[in-house]
Amino acid sequence: MTKSPNPNRTILVVDDEPVNIQLLKRKLEWDGMKVLTADNAQTCLDIARTEEPDLILLDVMMPGMDGLEVCHKLRENDRTKGIPVIFVTAQNSKAGKLEGLQAGAVDYITKPIDLEETTARVRTQLNYLAINQENVELTRRLGESRRTAAVGALTQGIAHNLNNMLGVVMGYMELAKANSGDPEKVLKNIARVENASNRIVGIIKQLSTVAFTTRLALHSMSVDRLITGSVHRAQEEIGEKFTVTILNDIKEKTIRTNIEAVEDALSKLLINAWESYDPDVQSRPIYLRSRTLEDGSALEFIIEDQGSGIDPEIEDNIFEPFVSTKNTVGVGMGLTIARHAIRTLGGEVMIRPGAHRGAIVTFDHPLTKETNLHT
């Protein structure tokens, strides 16, 4: 069912003929709309900027600045570029209509004006506007719902894991008390308590990384140094100097980005690749390639391993918090944090099975005016 235009909608009627203005004004007001008027281009631009009407009925043929030029100027201003414009003109040629539509008009009405037709076209555009605004609002609400759901899932995962970890701590403390007469067993249990406590600290530290949602500061750094820093960070966290084969097509280039976020995300993806191998495997091939997409819109990092691949049981929710194939309590945040950092930068991360075995992870970093590659 089509909705009626909001009676509070404001229409700006622009025409250098007072009779046309009065006819349109009377008809639109009769239909419950608020009407503003202008008899020249500059007044139209001034009113549009200050009042921000919902729609403009704009005469094309006016002395001085014509309607086409007015439409271009409306589109150049952030406050007025979203206002739909319906052109009103005596021209009836196909070329004239195309020129008007290319200038940004949403519809075209020819003179002499049929008031009923004009009102119907105005209603149609106002309905489109209402639908678009509803879609924007629904999208906003959906985003909020998704964020709420993500926070809920994260909170549930945190509570579950921290409760488990605290249970481990309490258990070993009880064992230490029970074996108070045996110093060796007490020290062994205290070491286990310390290990569990460190994991709790690790979870809290990771959560602080997820918490950053503000605009990240951008700095320039060569792609080569970003990759080297990421590999070094991953090696430090694992405690082993594992080998990463780097294929960098753009090593001489620099990029403006948040260095901490990129290095943190890349290092976690590298750690995920290293951990995909069975613990007793000595050789763990990992490949990291960087390149720009053909259209120049993004910098792409590709991490490939030949490990055990993606477990079908977690494939659909592999980026969710605390999802892991490991049986150890307190793990499963690495990919969650990596995706959060990448999305905060405006990029995306995807993971898919390798051609024969293992997994391939792609991390896209958008190249905008602020992040363009340069030498």
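Treat every Asp and Glu Cβ in the stretch 10-113 as -1 and every Lys and Arg Cβ as +1, leave all other atoms uncharged, and give the resulting dipole magnitude about the Cα centre to the nearest 20 debye.
240 debye
Here are some pairs, LYS73/LYS253; LYS177/LYS268; LYS34/LYS81; which of them have Cα atoms lying more than 28 Å apart in this structure?
Too far apart for the 28 Å limit: LYS73/LYS253; LYS177/LYS268.
Using Cα centres only, tell me the gap between the stretch 256-305 and the stretch 16-41 in whole Å.
After rounding, the separation between the Cα centres reads 62 Å.
Counting only Cα, what are the radius of gyration and maximum Cα-Cα distance Dmax of the stretch 10-113, in Å?
12.5, 35
Can you work out ³J(HN,Hα) from phi for every residue in the stretch 120-130, in order, using Karplus 6.51 cos²θ - 1.76 cosθ + 1.60 and θ = phi - 60°, giving whole Hz and x for Gly and Pro?
Here the 3J(HN,Hα) series is 5, 5, 5, 4, 4, 5, 5, 5, 4, 4, 5 Hz.
Between GLY307 and residues 5 or more places away or on another chain, which pairs have amide H atoms under 5 Å apart, with H built 1.01 Å from N, and which residues are they?
Residues meeting the amide H criterion: GLY358, ALA359.
Tell me, what ³J(HN,Hα) does each residue in the stretch 62-77 have, in order and in whole Hz, if you take phi through Karplus 6.51 cos²θ - 1.76 cosθ + 1.60 with θ = phi - 60° and put x for Gly and Pro?
Once rounded to whole Hz, the list reads 10, x, x, 7, 7, x, 4, 5, 4, 4, 4, 5, 4, 6, 7, 9.
Under 5 Å between amide hydrogens, which residues at least 5 positions from MET61 or on another chain qualify, with H placed 1.01 Å from N in the peptide plane?
Long-range HN contacts for MET61: GLY67, ALA90.
Collect residues whose amide H, placed 1.01 Å from N in the peptide plane, falls under 5 Å from the amide H of ILE109; neighbours closer than 5 in sequence don't count.
PHE87, VAL88, THR89
I'd like the FRET efficiency for GLN102 and GLN22, computed as 1/(1 + (r/R0)^6) with the beta carbon distance as r and R0 of 41 Å, rounded to 0.05.
Once the sixth-power term is evaluated, E becomes 0.85.
FYI, it's all coordinate maths here, none of it is from the lab. Just so it is clear, the structure is predicted and the values come from calculations on it, not from any experiment. Glycine also receives a Cβ, built like all others from the backbone with ideal geometry; neighbour counts cover every protein chain displayed.
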